[in-house]
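**Student:** This is the structure I have questions about; it appears just below.
The values are calculated or read from the model by the stated rules, or taken from the named source; none is laboratory data. All of these numbers come straight from a predicted model, not from anything done at the bench. Here the Cβ is made from the backbone with ideal geometry for all residues, glycine too, and neighbour counts use every protein chain on show.
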Amino acid sequence: MHLNFDELQEHVYGDRRFDHVELCSECRAKVSRLERERELFDAWGRNEIRPARPRRRLWYVAAAVAAAAILLAWPRAQSPVVTGEVTVRDKRMTTSPAQQGLVRISPKSTVTLRPDSEVLVETEQRVQMTRGRALFHVSGPFEVRTAAAIVRVLGTIFDVAVDPKGTRVHVIEGRVQVGEFEIGPGEELYVHVNAEPPQDSAENLYRKAVDQKNLDDQIRWYARALERAQAKQDVEYIIRAGFQLGRCYELKLQETEAMNAYAVVAAQKADKDDLKWLVNRADELGKRRGVQMHLDQFARTVRDLRATEQMRRVPEEEEKTWASIASKGPRACYGLIQALDASEVQVKTLIANRLKTLIDAPGIATLIEKLASKPHRDGASTALREILLQFNRARELDAAADQAEWELSFIGPGVSEEFGEKVDERRGDLHRETVEALRRKADAMRYNLPRSLAVPDILEALRKVILDPTIDETTRSEALMVLTSLDSIGKADVDAALAALDDPHPRVRQSAAGIAWPDHRLVAKLVERVNDEADLVRHQAVLSLGRIGSVGSIPALIEALDDPSHHVRKAAQASLAKIVEPINPADVRAWWNETRGADLLVTRFDTLVRQWTHYHPNDLCVGFHRKLRFARDPVKEQERFEAARARFESLKEFHKREVISNAPPDLLIRYLSGRLREDPYWALQLFVAECLAEMLADVSEIRDMVRGARPQTTEVRAGCIYVLAFRNGDDRDVLEDALLDGDARIRAAACFGLGRIGDPRSAAQLLPRVRVDRPEVRTAAARAIGQIAARHPTLFQDAEFVREFASADAKEEVCFALGEAGHPNSISYLRRLRVDADERVRFAAAWALARIGGNAGDVLWDMYLRAESYLDREGAALGIGDVKDSSKLVPLCDRLFREPNPKVRAAIAESLGKIGVRSILVRDALLAALDDSTDMVRRAAWSALNVLCEGKLPRAQVREFVENQRWD
Amino acid sequence: MSMSKEKPWLGHVSEAFSQLILAHYAGVYRMGLSILRNAHDAEEVCQEAFLKAYEHYDTYDASRPFKTWVYTIAYRLILNRMRDKRSERKALTETAPRAASPIDVSDRAELSEMAEKLDGLIRELPPEDQLLLHYRFRDDLKFGDIAEITRSTEAAVRVRFFRLLGRIRSDFQGAG
């Protein structure tokens, strides 16, 4: 029969032969040609494989020859491996040229002997190699001795090849020491037989030292180089290494060591002048640093100039001096810090000014150390104050840049729509420019300082100094002045300041009075100090009270208007003007007697609240989380948000104390209804209510007002509900009654109150309000249930209960509340919302799941396996991506193929991208999913690969791009 | 065999695994050497392949031959390694006409000489193709096994193999 050429090829070359078929003569001829051709290919296959070209190094040739020898020893037709029949005689292992062998030396160490090799096992941790080549896998201390070298290891994989001329060591894993050299993975070393024990030359050690990045490492290597040079009598390198070593020690401010190093150099130098210089240098070091020399020189020059009346040249000289100091790099700051001790006051200020451009973070640490431990600290504190002021200025710029960037993140097509803003692109460009300019300016201002300075450490050191009575008053007042330059200080710092305000030394009290931090204890103490015996303290206290702006300090300031000291009177006037700004300072007494400042208090809080837009932290959250979706760096945003919230809370607390200690309650009740219609978030009313809740012991009148016993406006009644809400939960029944009020505003307020009280029994009453009511009441009720659920997570285990939340707003509110609470019980509910129709709800649920984290991955995976409907599986799969549980990678990859529903497969692909582990497993799974039968899955896999590769891959060539990348 | 995730010192390897290594070391070594043409690189590939095999032994499906599994690992490693060196290598002309007539091997005396020439041609091929020939003529692997190693299908391997033969023929005859 006749076969075509392809079939004939298959017959000769393929796995299928057509032996049973009788071929025609033409075919037989073709087959015989093909078979001859096949012989050619077989001959090619039998040929030994030759390395491409010999490498430069000799051992490579040897290795190649050895490899060829191995191959020749393996006949092609049979199994090519000669298994390890190692001859063992007197612990001597030998392989013939056709053998390889695996030898176990100890339970943890094996040697793979290559052909024609010999190893003598001396102990479990020491072998001797006489010839050939072996691969060692050892653990624990181990030694291989050859004629040329001793190889010491701790635990590693390495290869040793011995030839008559020497020994080559190649490390695969771990580190190995050969003589004096240490080699790591991928490195190798050849040691000749008759070479001296391998020792690095002084020159090499010196070179290595120069390359070190770290001062300590440099010192170590220079010391080794010096030692080696001394051993070899290498004069050139004794001098070079010794000199460098001395310089390094100088930078480390270790004068004795530096002097020793210079002495070694001096002993070698024959030249008289050099010798003199070295001795002088060493002598100088004993007293001061190089920077000090510059400063002294500067002082001398200025003196000379003054004598010759050439004062105009002083600035020029000054610049020259600073330039030569600054040229020493950031390290020069250590010299300057040291110089702070000995210099005169003017020079100290100069140094402090210069330090702020030179100092880096370790420098600050040194300064703090100095402040806390050595005498003459005043210089250090001056410098620290200058530096911190500078740093604060940079931080203000940073904050401005952050703010601008934050605003910038809302300029874009999708975002502006979401917030109903009209944005033009030009505004975006302007913003971008501003951000960049601000960042540049801030960075320039910081010089060498890092963006985040460890302020707590600085404060700790300062407190120690302030509270230590054995330290002289100058130093303590200096430390207090450093404290004044910080814009945020903690409770402990306030305590220190309070103690300092009672100090017997007027100078300390004066400095302490300079701290203007909004804290009611501090205000009370400063008010006391307004009657201090020392003018300066009174003056400073009055100024600080003005800066703080507490209403409680007004009477004291009014009193200070009659102070005997002219300065204090003037300061009191200025401070009062600052505090009571809209009121004419001349009428201030009359105004105070009439109102006791209540309107001032409330207005001031009004401004604070307006700045923040939202009063309640949860309001803040919802607004924030909606925006977070568009933030460029969500983690940073979250941090910023937490910090802002903490600051807001502390300021609110201050204002609350102010109001409680100053305002009369009846006035506040009146305020519950004042100007409130302008305030969309009722923030002011809530604030007043919160204050009242704390002030009033008897709230029966308030309760009556809520019940509507007396005719009242809606605002006042709502305010009264808030008052009850901020108290303990005794008034739950009153609020629950208010839920059925005819006025929607009252119902919403009652919802808020019940949410705040957070009793799970109210949930049943709140639920009907979620279902049917005016929109604002429904939102408020949902939020209240969310708040209750956050405290009582079991509430959401009842599926019937949660199905009630029909509106997207309600679901979103509940998600945020649950996320904040972070309880795993809410996962099942959130999982279902993960596939909600509304995008905002999906986002909120994702956020909440990510926030819960922890073992949420396991819970979700369990739910996935048990879920009956595909929607539940989809939600669970998406949830695993949200909580970024990388332990679920393997089962997810598996499910990507086995899952019957395409929507769920797409969800799994998306989750794999979200988890973000770049493993080959994930890559292969996603690449395979690119061939899925459903486009939705293909698209999801593609976008997941995009996420993992951090780029936009062209869809057509995604395979190539992905495979060319490195995966773990 | 202990499946600890510690560093896989081969010292801890059970006898069974060392037997596996000894049985397949040479095959993997030759595979590496045939492409990388450098004993040192080939050895490194071997070691890396067996270390990987040991590390991921838990993912090995025991119903399949160990040989193809470890070959699969080695195949990836070799190709990865070659990818770094690829710039040195000429790509085979895609437009080379496919010769249908076999290479004329009438004189057996010239066989070794022709084999040399063939070796020269094969060296110019992309590493994947070289490996394919290697598997077929040196390791005598079936197309099914090759497909498993290269993560492809048997039909695709077969088509690639015959297309490759055609190219070699035309190159061989073109080179005189």
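**Student:** Residue by residue through segment B:119-136, note down the ones that are farther than 12 Å from A:Gly45 by Cβ and without any contact (Cβ under 8 Å) to a residue 12 or more places away in the chain.
**Tutor:** B:Gly120
**Student:** Moving on to the next point. On the given criteria, is B:Arg158 more than 21 Å from B:Leu77 (Cα to Cα) and touching a Gly at 6+ places or on another chain (Cβ under 9 Å)?
**Tutor:** Judged against the criteria, B:Arg158 is a match.
**Student:** Identify, by number, the condition in (1) outside any loop (DSSP other than H, G, I, E, B); (2) more than 9 Å from chain B (Cβ to nearest Cβ); (3) at pLDDT below 50; (4) farther than 28 Å from B:Leu141 by Cβ that A:Ala69 doesn't meet.
**Tutor:** (4)
**Student:** Let me ask something else about it. For A:Asp968, are the conditions met, namely being more than 25 Å from A:Arg851 (Cα to Cα) and touching a helix residue (DSSP H, G or I) at 6+ places or on another chain (Cβ under 6 Å)?
**Tutor:** no
**Student:** From the list A:Ala689, A:Ala697, A:Ala738, pick out the single residue that is modelled with pLDDT of 75 or more and under 24 Å from A:Arg771 (Cα atoms).
**Tutor:** Answer to the check: A:Ala738.
**Student:** Follow-up. Please find, within segment A:153-173, the residue that is farthest from A:Asp116 (Cα to Cα) out of those that are more than 14 Å from chain B (Cβ to nearest Cβ) and surrounded by fewer than 18 Cβ atoms within 10 Å (Cβ to Cβ). Spell out how you get there, then give the answer.
**Tutor:** Let us first name the residues in segment A:153-173 that are more than 14 Å from chain B (Cβ to nearest Cβ), namely A:162-167.
Filter once more, keeping what is surrounded by fewer than 18 Cβ atoms within 10 Å (Cβ to Cβ): A:164-165.
Working: A:Pro164: 13, A:Lys165: 16 Å.
Per the criteria, the residue is A:Lys165.
**Student:** Further question: Within segment B:149-157, is even one residue surrounded by fewer than 17 Cβ atoms within 10 Å (Cβ to Cβ) and facing chain A (nearest Cβ under 10 Å)?
**Tutor:** The answer is yes; a qualifying residue exists.
**Student:** Let me ask you something else. Can you tell me which of (1) within 14 Å of another protein chain (Cβ to nearest Cβ); (2) out of contact with any helix residue (DSSP H, G or I) (no Cβ under 6 Å at 6 or more places or on another chain) is the one A:Leu921 doesn't meet?
**Tutor:** (2)
**Student:** Return yes when A:Val119 is surrounded by 15 or more Cβ atoms within 10 Å (Cβ to Cβ), part of a strand (DSSP E or B) and either at pLDDT below 50 or more than 52 Å from the chain's Cα centre (by Cα) (or both) and no when it is not. Walk me through it before giving the result.
**Tutor:** On the way: surrounded by 15 or more Cβ atoms within 10 Å (Cβ to Cβ): yes; part of a strand (DSSP E or B): yes; either at pLDDT below 50 or more than 52 Å from the chain's Cα centre (by Cα) (or both): yes.
Against the criterion (surrounded by 15 or more Cβ atoms within 10 Å (Cβ to Cβ), part of a strand (DSSP E or B) and either at pLDDT below 50 or more than 52 Å from the chain's Cα centre (by Cα) (or both)), A:Val119 qualifies.
**Student:** Can you confirm whether B:Glu48 is closer than 19 Å to B:Asn80 by Cβ, within 8 Å of chain A (Cβ to nearest Cβ), at pLDDT 80 or above and surrounded by fewer than 23 Cβ atoms within 10 Å (Cβ to Cβ)?
**Tutor:** Judged against the criteria, B:Glu48 is not a match.
**Student:** Suppose we filter B:Thr93, B:Thr72 for residues that are modelled with pLDDT under 75, away from chain A (no Cβ under 11 Å) and surrounded by fewer than 22 Cβ atoms within 10 Å (Cβ to Cβ); which single one remains?
**Tutor:** Details: B:Thr72 fails: modelled with pLDDT under 75.
Only one candidate qualifies: B:Thr93.
So that you can scan it fast, the table gives a plain yes or no per residue for (1) of a type in the set (A, V, I, L, M, F, W, C); (2) within 11 Å of chain B (Cβ to nearest Cβ); (3) under 17 Å from A:Glu188 (Cβ atoms):
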| residue | (1), (2), (3) |
| --- | --- |
| A:Thr95 | no, no, no |
| A:Val103 | yes, yes, no |
| A:Asp116 | no, no, no |
| A:Leu135 | yes, yes, yes |
| A:Val138 | yes, yes, no |
| A:Ile150 | yes, no, yes |
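**Student:** In addition: If we scan segment A:865-876, do we find a residue that is of a type in the set (Phe, Trp, Tyr) and surrounded by fewer than 16 Cβ atoms within 10 Å (Cβ to Cβ)?
**Tutor:** Step one: of segment A:865-876, the residues of a type in the set (Phe, Trp, Tyr) are A:870.
Cutting the leftovers down to surrounded by fewer than 16 Cβ atoms within 10 Å (Cβ to Cβ) gives us none.
No, there is no match, as no residue in segment A:865-876 is of a type in the set (Phe, Trp, Tyr) and surrounded by fewer than 16 Cβ atoms within 10 Å (Cβ to Cβ).
**Student:** Answer yes or no as to whether A:Leu526 is surrounded by 21 or more Cβ atoms within 10 Å (Cβ to Cβ) and part of a helix (DSSP H, G or I).
**Tutor:** yes
**Student:** Inspect segment A:688-697 for any residue being in contact (Cβ under 8 Å) with a residue 60 or more places away in the chain and under 49 Å from the mean Cα position of the chain (by Cα) and give the result as yes or no.
**Tutor:** yes
**Student:** Out of the residues in segment B:105-126 that are of a type in the set (D, E, K, R) and either part of a helix (DSSP H, G or I) or under 14 Å from B:Phe172 (Cα atoms) (or both), which is nearest to the other protein chains (Cβ to nearest Cβ)?
**Tutor:** So the first thing to find is which residues in segment B:105-126 are of a type in the set (D, E, K, R), and the list is B:107-108, B:110, B:113, B:116-117, B:119, B:123-124.
Those left that are additionally either part of a helix (DSSP H, G or I) or under 14 Å from B:Phe172 (Cα atoms) (or both): B:108, B:110, B:113, B:116-117, B:119, B:123-124.
On the way: B:Arg108: 8, B:Glu110: 9, B:Glu113: 10, B:Glu116: 8, B:Lys117: 9, B:Asp119: 6, B:Arg123: 8, B:Glu124: 12 Å.
So, considering only residues that are of a type in the set (D, E, K, R) and either part of a helix (DSSP H, G or I) or under 14 Å from B:Phe172 (Cα atoms) (or both), the one nearest to the other protein chains (Cβ to nearest Cβ) is B:Asp119.
**Student:** Somewhere in segment A:915-936, is a residue farther than 20 Å from A:Pro891 by Cα and either in contact with a Gly (Cβ under 9 Å, 6 or more places away or on another chain) or assigned to a helix (DSSP H, G or I) (or both)?
**Tutor:** Yes, segment A:915-936 contains a residue that is farther than 20 Å from A:Pro891 by Cα and either in contact with a Gly (Cβ under 9 Å, 6 or more places away or on another chain) or assigned to a helix (DSSP H, G or I) (or both).
**Student:** What tally of residues in segment A:17-37 results from selecting those that are away from every other protein chain (no Cβ under 14 Å) and not in a loop (DSSP other than H, G, I, E, B)?
**Tutor:** 1
**Student:** Restricting to segment B:27-39, count the residues that are surrounded by fewer than 20 Cβ atoms within 10 Å (Cβ to Cβ) and part of a helix (DSSP H, G or I).
**Tutor:** Going through segment B:27-39 one residue at a time, the tally reaches 0.
**Student:** Could you pull out the residue among A:Ala781, A:Ala789 that is farther than 17 Å from A:Leu686 by Cβ, among the hydrophobic types (A, V, I, L, M, F, W, C), in contact with a Cys (Cβ under 8 Å, 6 or more places away or on another chain) and surrounded by 24 or more Cβ atoms within 10 Å (Cβ to Cβ)?
**Tutor:** Working: A:Ala789 fails: in contact with a Cys (Cβ under 8 Å, 6 or more places away or on another chain).
Going through A:Ala781, A:Ala789 in turn, the sole match is A:Ala781.
**Student:** Would you be able to tell me the number of residues in segment B:103-136 that are closer than 21 Å to B:Asn38 by Cβ and among the hydroxyl-bearing types (Ser, Thr, Tyr)?
**Tutor:** Selection size over segment B:103-136: 1.
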